1. Using the Kirkwood formula over every pair of different C-alpha atoms, what hydrodynamic radius in Å results for the range A:6-159?
2. Which cysteines does chain A leave without a neighbouring Cys Cβ under 4.7 Å?
3. Please work out, to two decimal places, the log10 of the ratio I(q)/I(0) at q = 0.08 Å⁻¹ from a Debye calculation in which every Cα of chain A carries one identical scatterer.
4. Write down the percent of antiparallel bridges among all DSSP beta bridges whose residues are both part of chain A, to the nearest 5.
5. If you take every DSSP beta bridge whose two residues both sit in the range A:168-376, what share of them, in percent to the nearest 5, is antiparallel?
6. Taking a threshold of 21 Å on the Cα-Cα distance, which of the pairs A:109/A:225; A:4/B:64; A:125/A:147; A:88/A:133; A:18/A:105 fall above it?
7. Which shape class applies to the range A:1-85: rounded if a/c is under 1.5, otherwise prolate when a/b exceeds b/c and oblate if not, where a ≥ b ≥ c are the square roots of the Cα gyration tensor eigenvalues?
8. For the range B:17-74, what ratio Rg/Rh do Cα atoms give with a Kirkwood hydrodynamic radius?
Amino acid sequence: MVSKPHGGKLINKVANKKEREKIIEQIDEIPQIFVNKIIAVDIENIAHGILSPLEGFMTYEDYIHVLNDMRLSNDVPWTIPIILDVSKEEIKGLKEGDEITLVSKEENKAIAIMRIDEIYSWNKKEYAELIYKTDDINHPGVAKTMKMKELLIGGEIKLINHLENPYEKYTLWPIETRVLFNELGWRTIVGFQTRNAPHLGHEYVQKAALTFVDGLFINPLVGWKKPGDYKDEVILKAYETLIKYYFPRRSVVLAILRTSMRYAGPREAIFHAIMRKNFGCTHFIVGRDHAGVGNYYGPYEAQEIFKYFPDLGITPLFVKEAFYCHKCGGMTSEKICPHPEQYRIHISGTKIREMIKNKTRPPSTMMRPEVAEVILQFDNPFIT
Amino acid sequence: MQSKLKSRKYTTVSIPTTLYNRIKNLIKDTGFTSVSSYVIYILREIVAAHEEAKYKEPYTEEDKKRIIEKLRKLGYLE
């Protein structure tokens with residue numbers, strides 16, 4: 001049996017045909033608020049249940065509970081606020097109870113309507129300290145937070161139009177993955193979060209987990225990432241290649257998750273696990289420095305945080321750093337390899353990215369040659 | 001607009017003193033700093049399991065057929 005949705009209910013906030021027609025008829029009379037791409041994908045994700053049990057943007061009660069207690073106001077675990085920021089000018093003349101249309105700034109298209117349940121102010125510095133554990137502006141999440149507007153509005157949404165999606169082929173919503181996992185006969189599914197092209201360390205961890213469950217759900221994050229990270233299309237092509245040559249048939253599902261990286265380390269690890277639970281995963285891989293950046297978090301802090309959530313409803317699988325050992329003759333890890341450092345080749349994502357930047361093929365003790373080949377075919381595989 | 005609010009609120013639940021003492025002994029040298037923190041931990045685990053046991057997948061047979069068709073088209077199913 002696939003995992004139950006978080007909070008016990010898979011949310012569906014996509015307007016049906018009749019609802020949509022009714023909304024469209026009245027839409028000219030509803031005030032508009034323009035939203036950026038990051039917010040726009042949050043709207044789609046809420047509507048399709050990826051962020052279940054959320055039905056909209058957080059009101060103050062949920063916001064403050066998440067900030068301080070890492071739980072929603074009904075005690076359900078939740079670690080990253082899902083918020084909609086607006087300026088005073090944007091909501092001039094609007095009050096709680098009013099309906100607004102949320103318009104994608106990028107596509108100039110109405111994507112949802114929202115009832116304003118609450119308008120409230122927030123303290124960005126306090127937010128940064130609690131969510132990112134730092135207010136250092138060099139942290140990409142903090143920098144992004146500080147640029148946000150001065151007010152937040154909370155309320156339920158209803159999706160009326162989808163965003164353009166260059167990765168339609170790789171997009172599955174939770175209701176679809178749930179059907180898919182059942183059709184494949186998978187009862188236990190391990191989710192793998194990634195923002196990288198796969199190297200041997202990733203593959204080792206995925207296969208170690210797959211040994212004990214029915215299926216592997218590789219769910220690369222597509223959306224805002226920091227410069228220097230792999231481009232989305234590179235990650236997808238690299239994974240397609242890895243799966244084709246190195247995984248058994250019907251053992252892996254590859255589908256994207258459109259959302260932005262927060263780089264909130266431990267809190268984001270819980271958030272990532274919750275989203276995968278909504279897709280139906282029963283297990284979730286948490287590696288070293290999951291969702292981390294720089295030296296803001298301890299190497300295993302993102303694993304330690306799970307002990308505070310006995311009611312998370314998805315089993316974390318904690319993995320130590322994997323490396324190649326010449327003595328063992330393959331990939332292994334600290335937990336099972338007894339050999340000294342001299343036999344080990346540590347696989348550094350940074351080192352591999354450097355090699356690729358210099359158009360050098362990473363050695364096969366670090367990356368599968370077929371995967372390296374695909375990545376090297378891109379002129380510039382990195383976000384600039 | 002709201003002013004700052006403290007989120008954490010507690011209430012009292014009675015348990016037998018004998019059970020309280022038993023838990024107090026049990027949690028010595030563990031990560032739990034009080035009987036309350038242990039009881040909260042255990043209750044959250046149990047309550048979540050009971051809540052989830054009631055869940056049924058939200059799709060109808062018709063939804064399922066439509067989704068399977070899409071999954072076939074995308075190549076996820078044969």
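Computed from the coordinates by the stated procedures, all read-outs in this text should not be read as laboratory data. In this text, all values refer to a predicted model and were calculated from it rather than measured experimentally. Neighbour counts run over all protein chains shown; Cβ positions are idealised from the backbone, glycine included.
1. Working: mean 1/r = 0.0621 Å⁻¹.
When all Cα pairs of the range A:6-159 are included, the Kirkwood radius is 16.1 Å.
2. A:281, A:337
3. Per q value, in the given order, log10 I(q)/I(0) is -0.42.
4. Numbers: 27 of 50 bridges.
Beta bridges within chain A, antiparallel portion: roughly 55 percent.
5. Antiparallel bridges make up about 30 percent of those DSSP assigns within the range A:168-376.
6. Details: A:109/A:225 24 Å; A:4/B:64 17 Å; A:125/A:147 11 Å; A:88/A:133 28 Å; A:18/A:105 26 Å.
The pairs that break the limit, which is 21 Å between Cα atoms, are A:109/A:225; A:88/A:133; A:18/A:105.
7. Details: a/c = 2.43, a/b = 1.46, b/c = 1.67.
Oblate is the answer for the range A:1-85, as a/c is 1.5 or above yet b/c matches or exceeds a/b.
8. Details: Rg = 21.9 Å, Rh = 15.2 Å.
Reported Rg/Rh, Kirkwood definition of Rh: 1.44.
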